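Coordinate-derived values only; no laboratory data. The structure displayed is predicted, hence computed values, not measured ones. Positions of Cβ are backbone-derived with ideal geometry, glycine not excepted, and every protein chain shown enters the neighbour counts.
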Amino acid sequence: MRPRHHLGPILAGLVVVAAILGGCAERPISATDAATSPPQVFTARYVCDDGSILDVRFQGDAATVTMSTGGTVVLPQRVSGSGFRYADAGHSLRGKGRAASWTVGGATATTCQDQEPD
């Protein structure tokens, strides 16, 4: 007569272990989490060839530009072939890497450079 193997308790134990280990796995970020979590914030200080300084706060789909000459504007993000572009009817900030150009009204753009933090 052959001995009988009782696999039922072994399989039940494996299911319990798998459930416990599954609970230890990192939970992926859901679309709801991504939509409700605040966007990342990046800041930069641009020193421009015309002597002006721009303190820029990039957050979500907007850039808040505070000008050393006075005033603050919030620019919506625009489509850019490469790099970044934020603009409204009277201001434009565009760039790539650490270089940027700043335009106010119909004036010629001034070249700006991101200043390294101290």
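Okay, here's what the table says:
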item	result
Amide proton proximity set for H91, modelled H, under 5 Å, gap of 5+	G105
Neighbourhood charge, 14 Å Cβ-Cβ cut-off, centred on A87 and excluding it, Lys, Arg +1 and Asp, Glu -1	+1
Normalised alpha carbon radius of gyration of segment 46-118 [divisor 2.2 N^0.38 Å]	1.00
